[in-house]
Amino acid sequence: MFTGLIIAITVVLLWFTSYRLYKARRIIKKEKVEWLALAAFMAGFGILCYGIRSLFIDSAETDTFIYRLGITVHLGLSFIPAALFVYKNYIGNKLLRNFLGVLTVIGALIMTYACIFPKLNRIVKPAPYEPIPMSMSNFPWASLTWKNYFIWYSILLSLLLIWTAFVYSVRRLKEIKSSAHSVLGIFLLFPLSIVIVIMPFVAMQSWFKFSPALPWYQWSNLFVFFYIALSILLIWTVSKLVASKKIDASLHYGLGIAYLSFPAMLCILSTPIFARLLYVPGAIFLYLVFRNELKSLETQNITQ
């Protein structure tokens, strides 16, 4: 299965990054690196569950159990250490840091409850992008209250992580006379933020649903292709700017964690195949975190 391969690549990248970050936690000049390592491992476990459950599409009970396990670890629990890591390293004001930390923990625990207990509607539909025709299932909440909570939890957490990292980068490198932050903010991060906000509402439209009877350029595919193109451009741009020290590596952290959050809205509200393609940038950004930290340490050792 094509998207099964995508999941395997994502999980391997996340677990490799998690292992290397944990192993290097004492030499990386960030606080609580082990929190990020744990979050990457947990996100990888959740995404792996999404792949495994596809093998049990004919067993609703098994499919649902594995799915609930995946979203509980991924969408609920993993974002507690991930968000706390970002706040700890990139928010200087202790009062604000603690306030956002408490708020995020409470929000994530409520999300964890929502993943375990409320009723889910299991919907089986044709899977896009697969060379061999197959079906996939997605699980929107039966209750509109829980569905709306999930949507706004994903939107607000993703935007908070991205813009926290961006603001930190602007403040840290304000002495450097460069238009890098303005270009990145206006032409990439702002459009990405708009995509994140409108994503769930687009995914719930009747014309967005994938249909194998329609040509490849149906609206749902075009939306996902645009998102992938924007993500590739963002990965390339951020990597170049971080390498040239025009922006801070905090953007790798913020974007990496956010990219493991908001694609879930497509998974739950439309089809899991779309989200599987879109978790990959999150894994890439977190891998770039590890690679950039190693390069920084090597540079420091050479200069010393």
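Measure up Lys29/Lys94; Lys94/Lys240; Lys32/Lys147 against 22 Å on the Cα-Cα distance and list the ones that go over. Long pairs (Cα-Cα over 22 Å): Lys94/Lys240; Lys32/Lys147.
With contacts taken as Cα pairs under 8 Å and at least 6 residues apart, the chain reaches a relative contact order of 21 percent. Using a simple spin-label model with pseudo-atoms 7 Å out from Cα toward Cβ, Asn148 and Val124 lie 3.2 nm apart. Applying 1/(1 + (r/R0)^6) with r as the Cβ-Cβ distance of Phe190 and Glu31 and R0 = 25 angstrom yields a FRET efficiency of 0.30. Could you work out the longest stretch of the chain that avoids the GluC sites (Glu not before Pro) located in DSSP loops with at most 15 other Cβ atoms within 10 Å? Longest site-free region, per DSSP loop and neighbour criteria: 32-174.
Placing unit charges on the Cβ atoms of the charged side chains and taking the dipole of the range 2-303 about its Cα centre, the candidate lying farthest along the positive direction among Pro131, Ala83, Ser231 is Ala83. A straight line joining the Cα centroids of the range 141-193 and the range 213-289 runs 13 Å. Using the Cβ-Cβ distance between Phe65 and Ile106 with R0 set to 35 Å, the FRET efficiency works out to roughly 0.85.
Rounded to the nearest 20 debye, the dipole magnitude of the chain is 900 debye, with +1 charges on Lys and Arg beta carbons, -1 on Asp and Glu beta carbons, and the Cα centre as origin.
The numbers here are math on the coordinates, done by the rules we state, and not lab data. Just so it is clear, the structure is predicted and the values come from calculations on it, not from any experiment. FYI the Cβ positions are ideal-geometry reconstructions off the backbone, even for glycines, and counts take in every protein chain you see.
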